[in-house]
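Note sheet for the following structure.
The values are calculated or read from the model by the stated rules, or taken from the named source; none is laboratory data. If you're wondering where the values come from, they're calculated on a predicted model, not measured in any experiment. Note that we place each Cβ from the backbone using ideal geometry, even for glycine, and neighbour counts take in every protein chain shown. Ligands, DNA and RNA are excluded from the accessible area calculation, which covers all protein heavy atoms including side chains. Shrake-Rupley method; radii C 1.70, N 1.55, O 1.52, S 1.80 Å.
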Amino acid sequence: MRAHFASRLLALLVGCVPYHSWGAPPALPVLDLPHSYYYREMYLPQLTSGPSSLAWSPDSRALVYSMAGSLWRQRVDSTSAEQLTDGPGYDYQPDWSADGRYIVYASSLGPAIELMLLEVASGRTTQLTHGGAINVEPRFSPDGQRIVFVSSAYHRHLHLFLAELHGTEMSEPVRLSGESQSTLPRYYYSAFDHEINPVWTRDGQSVVFVSNRGHIYGTGGLWRMPATPGAEASELHYEETSWQARPDFSPDGQRLVYSSYLGRNTQQLWLLPAAAGGDPLPLSFGDWDETGPRWSPDGREIAYISNCEGGLELRLLTFPGASSRPLEITERRRLHPGGALHLTVRDERGQPTAARVTVTDAGGRFFASAHAWLHHAEFDRNESPFEARYFHTAGDELIEVPAGSVSVEVMKGLTRPPERRSVTVTAGATSEVPVVLTARRWQDGPGRHWVSGDVHVHMNYGGHYRNTPARLVLQAQAEDLDIVENLIVNKEQRFPDIAYSGRGVDPASTPATLVVHGQEFHSSYWGHLGLIGLRGDTLLPGFAGYPNTAAASLAPTNADVADLAHARGALVGYVHPFEEEPQPLTHPAHTDADELPVDVALGKVDYMEIVSFADHQATASVWYRLLNLGFRIPAAGGTDAMADYATLRGPVGLNRVYVSIPAGPLASAAWLEALKDGRSFATNGPLLDFSLAGSPVGATVKLERPRTVAFYARLRSIVPLDHAQIVCNGHVVRELALRSRRDTLDASGTLPLELSGWCVLRAFSDRAEYPILDNFVYATTSPIYVTVGEEKPRSPEDARFFEAWIDHLAQVTGAYPDWNSAQEKAAVLGELAQARAVYQRLE
């Protein structure tokens, strides 16, 4: 965000540019955008049990909508839904032609999304695009002769395309909008302007769309342009939208309805005059999201998607009148006969227990119960025809599935092996699938036990669902997670969970599962901080260094924020630190945690997420350098799970930290104290145990002179591993032999300890290993510290490494233009100089 501070737009490139070649799919990713965590969930269509997008029939008597990966038709005076499509991919975003003959929609199978055409009377489908790109949001022109849609076919950026339709044949699309690269400092969005959410004007002459042209934040305002390639566009209205505005015209063409969080924390329905210069008027109110509005052709109702009950449902709003009702679905009439699975999950005592469930047919297509929240693991490692998907159960589910072979996978955390079943389902019958999950607790000696926690979760962050602490408890229980640290954080202008500020341990917690509210301080210039155990209200504004806002200054620094948090009893840690190993001595550059060495030197850091939404090995390499200089920093694990997402990196607890605490009732304060003391290991899979000279992780082994000491290492994993290693002072000192299945280790021996420093046990794989939904499997203990005589740890090379780091940071910070005062700038540079002096003394 600090590379450029000008607000100049490059010249707009316009013209009649052909669509991407109809040949093989592109070798590069189909979208060139940063932070896929956001646009994948908030913009690209998602597989959900409930309705996710909709369109009206021309006579206003029925709706077509996407649900559970298929298109369904339902009369608005009926509770029966009729299935219109049934794969092989997942079908979304329908639009109905004005003559009622066709429905155009988007279909996903793998990374590409193609446009399809359904002939309503016959049920025949025709594929319209074949370029292997992202093709979404198709809309028929009022005369049904043209389709406007969004595609990534040109340079993998999101632009509007137009194609003519002749029966079931579509002409080669042409790009309507130009390619413009902005120099604005956008953090969550591409440097290239995008155009999304198109809708035709009622006369069919123009399109209205959403674009971020000339703006830093959000997906942008509403623009209008003639439906002619290269035509000039004009902005109707600007506000900071977030992928889901999706405007729609009233039948008379005088008003637009769209979804917005203007001044709120949730998306609601708003009205806007169709002419430029009008002000928005709120149409709905609530602490939930209402999105995807479509005005009925007769003008009497607006249909939309709501998560007011947590999951997704379709609602109809009478206008005028503004009374709404759900379109209930009591019957699903399927295209092909199927059966059902009755899944029961029990623990070793025969009691229902929460778990993670995956149900797929022979082709890999996913199924779940009608009420389930469907989740999709964002990282696709090409292990199956579809990306990894799952839902959480409380222990009892009825799931409609196709007749034939069905696979069921059930897992609960990292101490139990996953259970798998293969079931042959008969049409019209229900198959019983009982599963028993037996606990094998990871013990930590007499009087102590390991308690798992995820130090980085966001209960709500603008996702499809609306999460609550009670639902978060269920998610944690399904993943066998004991403590969830819900970090309240802004999503641009919003703070979705700000209502939970100051609660600490949430009342929805149970004796065995705690939800604890903290904060993520979101300064992308300095790096993101986790503030766990924070007493009192959220620290506001919650970020610094946001250009073109009143928070553009780089003050407060993370060191200042750490002081505020420590004063309120919080632990302060760096979250998702590094995607790649920094090289300040040879290639100084911005990192995701630029202030980390400064804050460590100044004594501000209580933990680091070593296993996190980043590269675990790259993060550990920086951690090792800090440990080499005598700093004591415990290892933690945090997923950065947006727990209200349909598409997320992984479930709550994917990355977690196990902390050893005295036996007794579960208490947040005791857990945090033990985490700060370093009695922990961080993991996304393997369970570790490690000691030196009989001392556990977090302890200090004091030796009068160099000598050989005994070690003990133990490991269990639900997936195979490639390496188990003891690392001391940054070097692998012992490669430990895994047993034949590569998932178990019990080893003991001796290590020569000649220098003061530290040792850890780590284990990892060289690749992804399903069902661990991460790029690779990794675990590490916190250090056992070693003191030999009176000698302190010393590493001049690492001290110079961090001096060069801070030198570059100081240079760039000194050139930053947006300070509130010269004194403020001097104070910040003074903090950097103070930290550099610490490393200089350590050479």
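Answer with yes or no whether Leu487 is at pLDDT 95 or above, surrounded by fewer than 23 Cβ atoms within 10 Å (Cβ to Cβ) and not in a loop (DSSP other than H, G, I, E, B).
Criteria not met by Leu487.
Taking the conditions exactly as written (touching a Leu at 6+ places or on another chain (Cβ under 8 Å) and open to solvent by less than 10 Å² (accessible area, probe 1.4 Å)), does Leu335 satisfy them or not?
Here the answer is no, as Leu335 does not meet what is asked.
Between Phe319, Phe366, which is under 22 Å from Ala68 (Cβ atoms) and either of a type in the set (Phe, Trp, Tyr) or out of contact with any strand residue (DSSP E or B) (no Cβ under 9 Å at 6 or more places or on another chain) (or both)? Lay out the reasoning, then the answer.
Details: Phe319 fails: under 22 Å from Ala68 (Cβ atoms).
Only one candidate passes the filter, namely Phe366.
Scan the range 181-197 and give yes if some residue there is under 30 Å from Arg300 (Cβ atoms) and buried (at least 18 other Cβ atoms within 10 Å of the Cβ), otherwise no.
Yes: one or more hits.
Is there a residue in the range 669-684 that is more than 22 Å from Leu738 (Cα to Cα), in a strand (DSSP E or B), touching a strand residue (DSSP E or B) at 6+ places or on another chain (Cβ under 9 Å) and open to solvent by 10 Å² or more (accessible area, probe 1.4 Å)?
Looking for residues that are more than 22 Å from Leu738 (Cα to Cα), in a strand (DSSP E or B), touching a strand residue (DSSP E or B) at 6+ places or on another chain (Cβ under 9 Å) and open to solvent by 10 Å² or more (accessible area, probe 1.4 Å), one finds none in the range 669-684, hence no.
Need the failing condition index for Cys728 against (1) open to solvent by less than 70 Å² (accessible area, probe 1.4 Å); (2) in contact (Cβ under 8 Å) with a residue 60 or more places away in the chain; (3) under 40 Å from the mean Cα position of the chain (by Cα), just the number.
Of everything listed in (1) open to solvent by less than 70 Å² (accessible area, probe 1.4 Å); (2) in contact (Cβ under 8 Å) with a residue 60 or more places away in the chain; (3) under 40 Å from the mean Cα position of the chain (by Cα), Cys728 misses just condition (2).
Which of (1) hydrophobic (A, V, I, L, M, F, W, C); (2) under 21 Å from Leu312 (Cβ atoms); (3) surrounded by 14 or more Cβ atoms within 10 Å (Cβ to Cβ); (4) touching a strand residue (DSSP E or B) at 6+ places or on another chain (Cβ under 7 Å) is the odd one out, the single condition Ala394 does not satisfy?
So the condition that Ala394 fails would be (3).
Search the range 499-526 for residues that are without any contact (Cβ under 8 Å) to a residue 12 or more places away in the chain and pair each with any residue that is open to solvent by less than 10 Å² (accessible area, probe 1.4 Å) when their beta-carbon atoms are under 8 Å apart and the residues are at least 6 apart or on different chains.
none
Could you grab the pairs with beta carbons closer than 6 Å, sequence gap of 6+ or different chains, first residue in the range 339-367 and of a type in the set (S, T, N, Q), second one surrounded by fewer than 17 Cβ atoms within 10 Å (Cβ to Cβ)?
Matching pairs, first to second residue: Thr344/Asp396; Thr344/Pro434; Thr360/Ser407.
Say whether the condition of being surrounded by 13 or more Cβ atoms within 10 Å (Cβ to Cβ), in contact with an Asp or Glu (Cβ under 9 Å, 6 or more places away or on another chain) and within 24 Å of Pro293 (Cα to Cα) is met by at least one residue in the range 356-365.
Within the range 356-365, none of the residues are surrounded by 13 or more Cβ atoms within 10 Å (Cβ to Cβ), in contact with an Asp or Glu (Cβ under 9 Å, 6 or more places away or on another chain) and within 24 Å of Pro293 (Cα to Cα).
Mind telling me which of the residues Pro547, Pro588, Pro584, Pro556 ends up being farther than 24 Å from Phe681 by Cα and surrounded by fewer than 17 Cβ atoms within 10 Å (Cβ to Cβ)?
Pro588
Can you tell which of Ala476, Ala470 is closer than 17 Å to Asp644 by Cβ, at pLDDT 95 or above and open to solvent by 20 Å² or more (accessible area, probe 1.4 Å)?
Values: Ala476 fails: open to solvent by 20 Å² or more (accessible area, probe 1.4 Å).
On inspection, the qualifying residue turns out to be Ala470.
For His130, which of the numbered conditions (1) open to solvent by 10 Å² or more (accessible area, probe 1.4 Å); (2) part of a loop (DSSP other than H, G, I, E, B); (3) modelled with pLDDT of 95 or more fails to hold?
(3)
So the check is Cβ under 6 Å with 6+ separation or different chains; which pairs have a first residue in the range 388-408 that's at positive phi and a second one that's not aliphatic (A, V, I, L, M)?
From residues that are at positive phi, the pairs are Gly395/Pro352; Gly395/Thr353.
If you check Arg202, Arg213, which single one turns out to be farther than 25 Å from Ile305 by Cβ, in a loop (DSSP other than H, G, I, E, B) and open to solvent by 20 Å² or more (accessible area, probe 1.4 Å)?
Just a single option satisfies the conditions, and that option is Arg213.
Taking into account only those residues within the range 232-259 that are polar (S, T, N, Q) and surrounded by 22 or more Cβ atoms within 10 Å (Cβ to Cβ), which is farthest from the chain's Cα centre (by Cα)?
Ser259
Kindly establish whether Pro111 is farther than 18 Å from Leu31 by Cα, modelled with pLDDT under 95 and either in a loop (DSSP other than H, G, I, E, B) or open to solvent by less than 20 Å² (accessible area, probe 1.4 Å) (or both).
no
Can you tell me which residue in the range 563-588 is farthest from the chain's Cα centre (by Cα), limited to those that are in contact (Cβ under 8 Å) with a residue 60 or more places away in the chain and under 29 Å from Ser765 (Cβ atoms)?
Pro582
Counting only residues that are among the aromatic types (Phe, Trp, Tyr) and over 31 Å from the mean Cα position of the chain (by Cα), which one in the range 47-97 is surrounded by the fewest Cβ atoms within 10 Å (Cβ to Cβ)?
Trp56
Quick one: Ala275 ticks every box in (1) farther than 20 Å from Trp96 by Cβ; (2) aliphatic (A, V, I, L, M); (3) at pLDDT 95 or above bar one, so which box is it?
Condition not satisfied by Ala275: (3).
So, in the range 441-471, how many residues would count as being within 23 Å of Thr291 (Cβ to Cβ) and among the basic types (Lys, Arg)? So that I can check it myself, show each step before the final result.
Within the range 441-471, the first condition is being within 23 Å of Thr291 (Cβ to Cβ), and the residues that meet it are 458-468, 471.
Now narrow it down to the ones that are among the basic types (Lys, Arg): 466, 471.
Counting residues in the range 441-471 that are within 23 Å of Thr291 (Cβ to Cβ) and among the basic types (Lys, Arg) gives 2.
Give the residue that is most open to solvent (accessible area, probe 1.4 Å), with candidates limited to residues of the range 777-790 that are modelled with pLDDT of 95 or more and not in a strand (DSSP E or B).
Filtering the range 777-790 down to residues modelled with pLDDT of 95 or more leaves 777-789.
If we keep only those that are not in a strand (DSSP E or B) as well, we get 777, 782-783, 789.
Numbers: Val777: 1, Ser782: 0, Pro783: 1, Gly789: 28 Å².
Checked the range 777-790; the qualifying residue most open to solvent (accessible area, probe 1.4 Å) is Gly789.
Just to verify a result, which residue in the range 310-328, among those that are touching a residue at least 40 places away in the same chain (Cβ under 8 Å) and touching a Ser or Thr at 6+ places or on another chain (Cβ under 6 Å), is least open to solvent (accessible area, probe 1.4 Å)?
Step by step, filter the range 310-328, then rank; the result is Leu317.
Find the residue count for the range 163-179, including only residues that are buried (at least 20 other Cβ atoms within 10 Å of the Cβ) and outside any strand (DSSP E or B).
Number of matching residues: 4.
Among strands (runs of 3 or more DSSP E) lying entirely in the range 276-328, which contain 1 or more residues that are acidic (Asp, Glu)?
290-295, 301-306, 313-318
Scan (1) open to solvent by 40 Å² or more (accessible area, probe 1.4 Å); (2) under 30 Å from Phe495 (Cβ atoms) for the single condition Ser422 breaks and write down its number.
(2)
Please count how many residues of the range 715-738 are in a strand (DSSP E or B), in contact with a Pro (Cβ under 8 Å, 6 or more places away or on another chain) and not aliphatic (A, V, I, L, M).
Looking only at that region, the number is 1.
Can you tell me which residue is farthest from the chain's Cα centre (by Cα) among those in the range 591-641 that are of a type in the set (D, E, K, R), open to solvent by 20 Å² or more (accessible area, probe 1.4 Å) and closer than 23 Å to Trp671 by Cα? I'd like the intermediate steps shown before the answer.
First pass over the range 591-641, keeping only residues of a type in the set (D, E, K, R): 592, 594-595, 599, 604, 606, 609, 615, 625, 632, 640.
Next cut, open to solvent by 20 Å² or more (accessible area, probe 1.4 Å) only: 592, 604, 615, 625, 632.
Subsequent filtering for residues that are closer than 23 Å to Trp671 by Cα retains 604, 632.
Working: Lys604: 28, Arg632: 30 Å.
The residue in question is Arg632.
Would you confirm whether or not the range 237-259 contains a residue that is of a type in the set (D, E, K, R) and at positive phi?
Yes, some residue in the range 237-259 is of a type in the set (D, E, K, R) and at positive phi.
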